[in-house]
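This report concerns only the one structure given below.
The values are calculated or read from the model by the stated rules, or taken from the named source; none is laboratory data. Please read all numbers here as calculations on a predicted model, not as lab measurements. Here the Cβ positions follow ideal geometry from the backbone for every residue, glycine too, while neighbour counts run over all protein chains shown.
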Amino acid sequence: MSNHISLKSCVAALAIGLSLTVFGNASAQNAVKLRMTIWSANEAHLKLFNDMAAGFKQTHPNVTVTYESLPFETYTTALTTQIAGGNAPDMAWIFETTAYDFVSSGALYPLGDKLAALKGYNLDEVSSGATERWSKDGKLYAYPFSTSPFAVFANNDLIRKAGAKTPAELIKSGEWTWEKAIETASAVGKTGKGGLIVRDFNYQNWQNLAAIWNGWGASPWSEDGKNCTFGEKPMTDALSFIHDAVFKNKAMPGPGENMDFFAGDAAMTITQISRASLLPKQNGFEWDLVPLPTGPAGEYALIGQAGIGVMQSSAHADIAADFVGYMTNPENSAKLAQFFPSARKSLLNAETLKKTNPLLSQEQLDKVVIAGISTGKVIPGHTGFAQIQQMVRAGLDSIWTPQTDIAAATQKICGQISPLLKR
Amino acid sequence: MARRDSLAGYLFIAPQLIGIIAFVLLPLCLVFWYSLHEWNVLANTFTYTGAQNYRMLLEDSSLPSVLGATALFSFGLVVLNMSLALLLAVLLNQKLRGIAVFRTLFFSPVVVSLVAWTIVWGFLLQKNGGINGMLLTVGIEGPNWLREPVTAMISVIVVQVFKNVGLNMILFLAALQGVPNELYEAARIDGASSFKQFRRIMLPMISPTILLTSIITIVGSLQVFAQIAVLTQGGPGVSTTVLVYYLYQQAFQFHFFGYGSTLSIMLFVIVAVLTFAQWQLRKRMVFYES
């Protein structure tokens, strides 16, 4: 009897084990693992992204999404090295400066039709200006999930201490121009503190200077990207102004001088509004956020962008595109907007933005964020940008000395980058 | 029996041999293969272009300044490193109480992480950094070390010398301690001055070590990368863009993997030729080689 029972138990166990193995294998075969490379390692960002991955899993139980944080400074290099090594991610964040390279090379899976077909996605509410850099031949290849305007943060305590006018006072009197802004920065600079810092410029990332030279109507190259315009008058005037601000007026920290606005070391900084999170929580200072000053060419705005693309080489590109669609749908875009301002028109109102940017006032949101995103030009970019960036950086090094010939230096830069622009 | 012995021998050298094949010879062959192609990583294309990348080497207008910066860096590094290492070794080759402390002090930078070392020096060399702060206390306004072409090159050389001089110093010290005292005694009896003892006894006796350290230092100087990447990023202008950094830019920043591989082959040839030349020189310069 007992032999009979144990035989039956063995058969049952075998049957269960076999069925588990068969179904388990079937499930494993359907399991999809997606990896997205990102340049943020911020805990709050990662929590939000993981929540989104969990939300996607509810409708796609076999799909697991993971995020790989790569260092910001070497992000594109690390990403392309992964691609070269045959270990490309399924999805990747892409900088606005390298967008042209990724879009034109064919490395990205076309997203436009997929996103447009998703129920409730409403791709049309994202302006064509915001998607221009991420499209080719009318097809969208990456979604610009972050459209962040550049603005001026001011330390009113330092400015008042130096006896200068704060940006708010200058705006009120209709004098918020680059001339006056530099006067204020110079007054603080002469006290031993820093004047105006263009954050992340560091005399390397010259493209961030567009936050100043756009006020002169200057641009490094023509609209179609084919002709160098570094040597033209608006650019040489703007660079002369910046040079004087650094070397004559002591209004901007010079090369090799490290100062941090958010540590209270400087009067003003130009950066994206998302950096408001760096403002000191305790023992802080009275700060303000204002639009970029008016230049000789009038009012202007500058925005930085970041896109999410699906790699063409991904074995699950279609599912990855579904995930990008889920991550950037109107509901999730509203959540993302607390860190990454959205280009969706429905989210560009002070009421929505106030919920996600509690540090900013109604006026700041209206004048800086909404106006900036609506009218801003995107920071310069080009195909082969890394090589152009490096050549221009090397060329501009010669003007970051007290005695210099800006016109000659910019002409030389044009001579060097023109063949690359025409490529 | 002989076959069993040889099998055991092959087994003993197998780990090293497999390592060399997998991590040296195979990558070397692959780099040569890549150098014959145009490899667009983003577009995922790999096109055979024959000698085109090698022709590009001849037409590359940036290459002369890159090779010039590399030669300048190597020359400065080798001269400063070898002289300082020898000087320190002679000074520390004394039987004094606590001499081991000084030897450890001078050797300690060798075991420090290269990137951490360079980052700290990067802060010290800023215009408003520690070095200029110290100079200011004695009334000297220091230069903007990393932003002027000449001082930037001097800075990267000195940072590298301070990092690695301890290694050559220890090798020289070991060599000095192997020189028999009787030779010095005989020389002193013959009336030889200290300089003559140094020139006629010490230098010839440690010449095999000088050859070894010079090969290691020259090869190492041609491979400098982290210091440049952290301190100057090749600037100001292109004044500190040495060959390995240029190669890195071409391959990993500009995505020209084919041309980057060609530059690697050029670096390999330069290192091989220099090493071979030094090895040939040993016949004329090195004495007492066993």
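Here's the yes/no breakdown for (1) more than 20 Å from B:Leu63 (Cβ to Cβ); (2) under 14 Å from the mean Cα position of the chain (by Cα):
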{"site": "B:Met205", "(1), (2)": "yes, no"}
{"site": "B:Pro208", "(1), (2)": "yes, no"}
{"site": "B:Ile216", "(1), (2)": "yes, yes"}
{"site": "B:Thr240", "(1), (2)": "no, no"}
{"site": "B:Tyr246", "(1), (2)": "no, no"}
Q: Residue by residue through the stretch A:329-345, note down the ones that are within 12 Å of A:Val126 (Cβ to Cβ) and either under 13 Å from the mean Cα position of the chain (by Cα) or outside any helix (DSSP H, G or I) (or both).
A: A:Asn329, A:Ser342, A:Ala343, A:Arg344
Q.
Out of B:Ile119, B:Ile131, I need the residue that is more than 19 Å from B:Gly178 (Cα to Cα), within 14 Å of chain A (Cβ to nearest Cβ), surrounded by fewer than 16 Cβ atoms within 10 Å (Cβ to Cβ) and out of contact with any strand residue (DSSP E or B) (no Cβ under 6 Å at 6 or more places or on another chain). Which one?
A. B:Ile119
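Here is a yes/no grid of residues against (1) at pLDDT 95 or above; (2) among the aromatic types (Phe, Trp, Tyr); (3) assigned by TED's automatic domain parsing to the domain that holds A:Ile182:
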residue	(1), (2), (3)
A:Gly85	no, no, no
A:Asp90	yes, no, no
A:Ile94	yes, no, no
A:Ser105	no, no, no
A:Gly120	no, no, no
A:Asp124	no, no, no
A:Ser128	no, no, no
A:Asp157	yes, no, yes
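Do we find that A:Phe323 is assigned to a helix (DSSP H, G or I), touching a residue at least 12 places away in the same chain (Cβ under 8 Å), buried (at least 22 other Cβ atoms within 10 Å of the Cβ) and not acidic (Asp, Glu) in this structure? Working first, answer last.
Values: assigned to a helix (DSSP H, G or I): yes; touching a residue at least 12 places away in the same chain (Cβ under 8 Å): yes; buried (at least 22 other Cβ atoms within 10 Å of the Cβ): yes; not acidic (Asp, Glu): yes.
Yes: the conditions hold for A:Phe323.
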**Q.** Residues located in the stretch A:122-168, provided they are of a type in the set (Lys, Arg), touching a Ser or Thr at 6+ places or on another chain (Cβ under 8 Å) and closer than 16 Å to A:Tyr100 by Cβ
**A.** A:Lys136
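Which residues, taken from the stretch A:215-243, are assigned to a helix (DSSP H, G or I) and without any contact (Cβ under 8 Å) to a residue 12 or more places away in the chain? Write out each step before concluding.
So the first thing to find is which residues in the stretch A:215-243 are assigned to a helix (DSSP H, G or I), and the list is A:215-216, A:233-243.
Scanning the stretch A:215-243 gives a single hit, A:Lys233.
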Q: Collect the residues in the stretch A:244-269 that are touching a Ser or Thr at 6+ places or on another chain (Cβ under 7 Å), more than 14 Å from chain B (Cβ to nearest Cβ) and not aromatic (Phe, Trp, Tyr), keeping them in residue-number order.
A: A:Asn249, A:Ala251, A:Ala267
Q. Do we have any residue at all in the stretch A:399-409 that's among the β-branched types (Val, Ile, Thr), in contact (Cβ under 8 Å) with a residue 40 or more places away in the chain, surrounded by fewer than 17 Cβ atoms within 10 Å (Cβ to Cβ) and within 30 Å of A:Ile273 (Cα to Cα)?
A. no
(Q) Can you report the number of residues in the stretch B:126-149 which are assigned to a helix (DSSP H, G or I) and free of Cβ contacts under 8 Å to residues at least 60 places away in the same chain? (A) 8
Q | Selection count where residues are assigned to a loop (DSSP other than H, G, I, E, B) and without any contact (Cβ under 8 Å) to a residue 24 or more places away in the chain, scope the stretch A:274-308 | A | 6
Q. When residues of the stretch A:64-106 are filtered for being under 20 Å from the mean Cα position of the chain (by Cα), small (Gly, Ala, Ser) and either within 10 Å of another protein chain (Cβ to nearest Cβ) or buried (at least 22 other Cβ atoms within 10 Å of the Cβ) (or both), how many remain?
A. 4
**Q.** A:Leu420, sole failed condition from (1) free of Cβ contacts under 8 Å to residues at least 40 places away in the same chain; (2) within 18 Å of A:Leu239 (Cα to Cα)
**A.** (2)
Q) Out of B:Ala89, B:Ala100, which single residue is assigned to a helix (DSSP H, G or I) and buried (at least 16 other Cβ atoms within 10 Å of the Cβ)? A) B:Ala89
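Inside the stretch A:353-423, counting only helices (runs of 4 or more DSSP H) that do not spill past its ends, which hold 1 or more residues that are at pLDDT 90 or above? Show your work before the answer.
Details: elements: A:371-375, A:385-396, A:406-422.
In the stretch A:353-423, A:385-396, A:406-422 are the helices (runs of 4 or more DSSP H) which contain 1 or more residues that are at pLDDT 90 or above.
Inspect the stretch A:15-33 for any residue being at negative phi and at pLDDT 95 or above and give the result as yes or no.
Restricting attention to the stretch A:15-33, the residues satisfying the condition of being at negative phi are A:15-33.
With the extra rule that they be at pLDDT 95 or above, the set shrinks to A:32-33.
Looking for residues that are at negative phi and at pLDDT 95 or above, one finds at least one in the stretch A:15-33, hence yes.
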